[in-house]
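The values are calculated or read from the model by the stated rules, or taken from the named source; none is laboratory data. Note that the structure is a prediction, hence the values are computed from the model and not measured. Reconstructed Cβ throughout: ideal geometry from the backbone, glycine too, with neighbour counts over all protein chains shown. What goes into the accessible areas is simple: the full protein's heavy atoms, side chains included, and nothing from ligands, DNA or RNA. Shrake-Rupley method; radii C 1.70, N 1.55, O 1.52, S 1.80 Å.
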Amino acid sequence: MNQTNVSDESLAKLKVSLLNDNKTSKEFVVWVLKEIFEKDKEQAEQIMLSAHQNGSGVCGVDDREQALKLVGKVADLAAENAFPLACAMAPVDPYSEQSVTFVTVDDNVKLEVLYWGGAGRPLIFLAGLGNDAHVFDKFASNFTSNYQVYGITRRGFGASSAPTPTDGNYAADRLGDDVLAVIDALDLDRPVLIGHSIAGQELSSVGSRYPEKVGGLICLDATAYSERAGVKSLLLNMLGFKRRSKPVFRPFVSSACPTPIIIFLNQTSWMFFKR
């Protein structure tokens, strides 16, 4: 987003987040989100889980006066109930504005999907292990002048649903099917998938099974893991399962991969993102 497009109004907006601590009960956090921030039960639980897993959960964006009122209400309720729950306010980065939606991809599973705007062919960013789509917040704005830019937080992380960690729930093809479900739900025409690190699993799964669904695959320090070779998903280790797994290193390059995007990633923003 160019600086000339940034309004004084966007600079005045503040992001209000709940901070995680080791004493406040999850039930109380959900109640606060419903009572003060007017979230429904599902939204409240997703924000609570985001705070628990990432240290903070975004409750909303408001002007300074309203944000201060919300922070004060949370502090008062927390004190009345003897909990140390606290809120934080931070300016909204006008260069990384995004809309957030949740897409149902499986029974009782919804994924957080970010959209940073733009025009042209759609791009979808998939984060590495342990990250959610917000890791691309600043990076994504480099592409909005030529592309529609999206990001998906995979199941088990961030604000997305976290089903029971089993092979069936976190297998590479299951994760690939999640990406395909988002593509179908948003009616995206052959998007380019850009995956960092373990996102090579999703890229390999989608590209090898449904090449007609994507316009290209770009791996950023990514490795493909083949479940057909008997390899268990590394996500299960991250989610608490202790398994021994052997990665199958095999390059995966789509013939339809758009060269200009690769050149741009190599020469400019991707090197900055890696640092």
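Look at the dipole of the range 26-166 built from charges on Cβ: of 146, 116, 53, the Cα furthest out on the positive end belongs to 146. Remark: accessible surface ordering of 209, 121, 174, 154 (largest first) is 121, 209, 174, 154, probe radius 1.4 Å. 3J(HN,Hα) along the range 68-74, derived from phi through the Karplus expression 6.51 cos²θ - 1.76 cosθ + 1.60 where θ = phi - 60°, amounts to 4, 5, 5, 4, x, 4, 4 Hz, with x in place of Gly and Pro.
The length gained on full extension between residue 52 and residue 77, counted as 0.36 nm times the residue separation minus their Cα-Cα distance, comes to 7.1 nm.
Between residue 38 and residue 184, the C-beta separation translates, for a Förster distance of 45 Å, into a calculated FRET efficiency of about 0.90. The GluC sites (Glu not before Pro) found in the range 25-58 that occupy coil by DSSP, while having at most 12 further C-beta atoms within 10 Å, are 38. Charge tally for residue 72 (other residues, Cβ to Cβ under 15 Å; Lys, Arg +1; Asp, Glu -1): -3. Site pair residue 27 and residue 209 shows an inter-label distance of 4.0 nm when each label is modelled 7 Å from Cα along Cα→Cβ.
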